[in-house]
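Some notes on the structure that comes next.
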Amino acid sequence: MSTAASTLVRFHDYAPTDSHFLAEVIAGLSQKPKSISPKFFYDQRGSELFDEICLQPEYYPTRTEIKILQDNAEEIAALVGSESVLVELGSGASEKVRLLFDALAPASYMGVDISREFLLLSTRRLAQDYPELEVHAVCADFSQQLELPEHAQRGQVVAFFPGSSIGNFEPRAAVQFLRQVAECVGRGGKMLIGVDLKKDIATLNSAYNDAAGVTAAFNLNLLQRMQDELDAELDIDAFSHNAFYNAALGRVEMHLVSAREQAIVLDDEIFALAAQESIHTESSYKYHLTEFARLAGQAGFTVERVWTDARQMFSVQLLALS
């Protein structure tokens, strides 16, 4: 781990190396069915594409969550308390957290993201806009056990996990992740989390298949990253994006589908794909409120408060460590 300080942002680098990326991709392609973790979407280009996805008219989660945060910022702040250490997991562009700053008045902010360049860019902008705020950038895989820098912990820790990213975890893995967050925030800590809710299938399918093709480009960028960073031999043009709601499992699935028989060559290993065989790149679970409350309870959290939009499309939930 290396730490670099600037006049604006205190940087802590725990990021996995390319060897971790390589090892996990090889492990995923060796499985049946093949899969690659969605955390590897987020190089700088992938992060930029995700920000574009959030602007698409079909993609309801972002605008719905933003309105919930805007409408309830004062109440959220009153329940969370001021002078907290606000830790945003998967901070991305750090846009949603801005909706809370004026009301919440945290003692310090810590953005945690796996994309180093994008993280530094967004946290520097944040520090420039809020010069009185102590800003930390932590480059790390937040899905793994996360230890916060000791000198950054001055007050009650509140984890902020917007965007329904909890849905990317299989339910058992979601419980394990929430347990890790519980250890991170400690006794008396809290978690403010975005949770996407179950709804009609047409809305879900449309959200992950936008007409502009941005989600498709985001999915296919994973293959580009494998070429650029891992020297993978593959034909990106022979893959297509496919996303659909799997009602039996309660999740949207994203896949990269091979149009023909081909092989991916990676680190001297060959991974054959049949025509129409896919690589599963993301699941996005949707929950009823009662389902998520049970899941959070398994990790030791209780649901202190839930805010939703009028149509109950999306929820922001405040979890307290019981």
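For this structure, a couple of remarks:
- Over 31 Å (Cα to Cα) - which of 34/286; 32/96; 34/199; 34/190; 34/96; 32/190 fall in this group: 32/96; 34/190; 34/96; 32/190
- Inter-site label distance for residue 176 and residue 71 at 7 Å from Cα along Cβ, in nm: 3.7 nm
- Helix 289-298 vs. the chain, principal-axis angle (Cα, 0 to 90°, nearest 10): 80 degrees
- Proxy reagent accessibility, fewest Cβ within 10 Å first, across 236, 264: 236, 264
- For the chain, the longest principal axis of the Cα atoms and the long axis of helix 171-185 meet at an angle of about 30 degrees.
- Among 19, 165, 35, 322, the order by Cβ neighbours within 10 angstrom, fewest to most, reads 19, 322, 35, 165.
- Dipole in debye (nearest 20) - the stretch 1-160, about Cα centre, beta carbon charges: Lys, Arg +1; Asp, Glu -1: 380 debye
- Per-residue Cβ neighbour rank within 10 angstrom, fewest leading, 215, 290: 290, 215
- For the pair residue 290 and residue 200, a Förster radius of 25 Å applied to the C-beta separation gives a FRET efficiency near 0.85, rounded to the nearest 0.05.
- Using alpha-carbon coordinates, inclination of helix 60-80 to the longest axis of the chain, degrees: 20 degrees
- Gain upon complete extension [residue 20, residue 259; 0.36 nm per residue less C-alpha separation]: 83.2 nm
- Assuming charge only on the beta carbon of Lys and Arg (+1) and of Asp and Glu (-1), the dipole of the chain about its Cα centre is about 1140 debye to the nearest 20.
- Dipole magnitude of the stretch 234-322 about its Cα centre (Cβ charges: Lys, Arg +1; Asp, Glu -1), debye to nearest 20: 780 debye
- Here the spin labels are modelled as points 7 Å beyond Cα on the Cα-Cβ line, and at residue 102 and residue 78 they lie 1.8 nm apart.
- Classified by the C-alpha gyration tensor, the stretch 141-247 has an oblate form. Its axis ratio a/c, with a ≥ b ≥ c, is 1.5 or above, and a/b does not exceed b/c.
- In terms of its C-alpha gyration tensor, the stretch 1-141 has an oblate overall shape, because the principal axis ratio a/c (a ≥ b ≥ c, square roots of the eigenvalues) is not below 1.5 and a/b does not outweigh b/c.
Read-outs: derived from the displayed coordinates by stated rules, not from any lab. Note that the structure is predicted; figures quoted are calculated from it, not measured. Counting neighbours? That spans all protein chains shown, and the Cβs are built from the backbone with ideal geometry, glycine included.
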